[in-house]
1. Which residues, counting only those in region 442-458, are more than 14 Å from residue 474 (Cα to Cα) and not small (Gly, Ala, Ser)?
2. Can you find a residue that is buried (at least 19 other Cβ atoms within 10 Å of the Cβ), modelled with pLDDT under 95 and more than 30 Å from residue 467 (Cβ to Cβ) anywhere in region 279-296?
3. Taking residue 151 and the conditions (1) small (Gly, Ala, Ser); (2) under 21 Å from residue 49 (Cβ atoms); (3) buried (at least 20 other Cβ atoms within 10 Å of the Cβ), which numbered condition does it fall short on, given that it satisfies the others?
4. With a cut-off of at least 1 residues that are assigned by TED's automatic domain parsing to the domain that holds residue 269, name the helices (runs of 4 or more DSSP H) lying wholly within region 418-492.
5. So which of 482, 471 is of a type in the set (D, E, K, R) and at pLDDT 95 or above?
6. Suppose we filter region 201-218 for residues that are within 21 Å of residue 347 (Cα to Cα) and either aliphatic (A, V, I, L, M) or touching a strand residue (DSSP E or B) at 6+ places or on another chain (Cβ under 6 Å) (or both); how many remain?
7. Among the residues of region 286-328, what is the count of those that are in a loop (DSSP other than H, G, I, E, B) and not polar (S, T, N, Q)?
8. Checking the condition at pLDDT below 95 and either buried (at least 23 other Cβ atoms within 10 Å of the Cβ) or of a type in the set (Ser, Thr, Tyr) (or both), which residue from 121, 137, 145 passes?
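The values are calculated or read from the model by the stated rules, or taken from the named source; none is laboratory data. Just so we're clear, the structure is a prediction, and the values are computed from it rather than from any experiment. For neighbour counting, all protein chains shown are included, and Cβ atoms are generated from backbone atoms with ideal geometry for every residue, glycine included.
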Amino acid sequence: MEVMVYQVKGSSWITLDRTIDQLFWGMQGVEIVGGGVRFPSLGQAYEWIGEPYSRNAISATALEMEDWKGRAQPIQHLEYRAQRLQRWLAGRSLLWPEVRSFVAYQQGAKVREDKLRSTVQWLHLTGRAELLPGVTQTRAPKNRQCLRCGGGQRRIQQVACARCNGPCLLCESCVMLGGSRSCLPLIRIPFTSEQKGVQRIRLISPPLTSAQRDTMEACQRWFSSTRSELLVWAVTGSGKTEMLLPVLQRVLASGGTVLWTAPRRDVIKELSQRLGQAFPGVKQVTLHGESQEVWEIGQLFIATVPQLIRFYQFFDLVVVDEADAWPLYGDTIWEAAVIRATAAGGKRVAVTATPATPWKKQVKAGELTAVTLPVRYHGYPLPVPKLIKKRSLWARLQQGKSIPSLLSFLDQVVEKKGQALLFVPRVKDAKTLLRWLKNALPSTLYQGCSVVSGREEARGERIAEFRHGKRWLLVTTTILERGVTVPRCHVAVLGADHPIFDQASLIQIAGRVGRSSSYRAGEVHFFTTLYTDVQKDALREIVALNQLAKRCGYLVKEYKEEGEIP
């Protein structure tokens, strides 16, 4: 996109529409002298003037809005368009093609490029919008950065570009949501308090157990405090969504905006239905890779983590579900996206069944507020895994030799009319185990077995068949450690000593079992060639949560300690 750089008061200024700048400066008694310099790329223009990439660095001191009232008719029309665009784009961070698509969707008509350029430039000059290049274009590669997602120079490539007809910098970190380039303008418009209003919000919430009610009240107390971040440590199957609904209601009733985000698309789809039922009168927007609502305006947003790069200081409350899961935890780009999407003064909640060690340390040091929900909605204790040591496990599987302890586990599953998830460390291990099962099981049982991994094209179909009871056994990798839930589930981990199975992974896998109060026969077996501290720590944490639930009086019957820790 072609832009111009001109001089005013000894400083360089960038414009998308010179006539708008002449109007702006003319009202302040300042004349633009000279023709200016044209650039085919916003990134090149910024590199040439050498200004920092911040809103105040290139924005003129905004006149008070009252000063525009009573001015000439062209200014009134321009200001009307600017205010409408500001309402639409408030809290957004969009590349220029996205701005065009957003405006076209909202007005239901094709966008005039010249009108859009003049309106954005007016918002920029009056201090209501940031005008930035998608990627900083600097001579030193180490200083290059994507201003959209925050990706650093390792993920930025120089490519030939048909837009600016020259070398251009492209960010590979967020290319799945449209390429962020140095030649493309990035428009940011913060959400303002003037756009909020108090309203009545109807909440439809299911009855809560005593444990859920205690957790809900603790969340309410945190929200009323000055603390900005909360960790909700809720065991798998505890009904954690319901705990936070009253907090969401308070934010929505004040006119605020709420985001519930998670790494996985299936979680977002499920949450969209549940939150829609809980808040039937609230405009809800669901965003993921298959969503058709990307340009909708709403108050309650449910979105996968990558979608957050399109928001900027927008949400008064951000709930991060499965906060410890890939690709969110430990990835600075997505962690920064969560922070960037939070409004100034906003609050964030991290929800997880397996909090990371650094979070536990923060809680212990009093640096992070935490609420623990140690029991499932039905009040039964978490199943404690059984550790089964088996020497030469993989050699026996590869050679097709009998493994009595594994056969016994499978016999229990069949006798109890259950279904089984068998977890293995690697995809090649899944194929090895499937061959062993073919030799070890009757053909009628083997026909109900299948493999699910990240490489299987029929993954979704096989998971659906498992959920509907058409398959009784799935051999899988850690891809199914979260999300897949069936009421009659049994779980075995083969090679539980492999590094891929960390403490959180083993706890999540064990959490597939015992989710239904009507089926209490599920077993969790960890097959290992040697005992590890990771396995022992996972068992200790599960036992400790059960003991906490007992002390709090949350268990429906007398807690009987299960399992042994070697």
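1. If the condition is that a residue be more than 14 Å from residue 474 (Cα to Cα) and not small (Gly, Ala, Ser), then 442, 444, 455, 457 are the ones that fit.
2. no
3. Unmet condition: (2).
4. In region 418-492, no matching helices (runs of 4 or more DSSP H) lie anywhere.
5. One residue alone meets the criteria, 471.
6. 5
7. First, the residues of region 286-328 that are in a loop (DSSP other than H, G, I, E, B): 288-299, 312-314, 322-328.
Subset that is not polar (S, T, N, Q): 288-290, 293-298, 312, 314, 322-328.
Total satisfying the criteria: 18.
8. Values: 121 fails: at pLDDT below 95; 145 fails: either buried (at least 23 other Cβ atoms within 10 Å of the Cβ) or of a type in the set (Ser, Thr, Tyr) (or both).
Every option except 137 fails the conditions.
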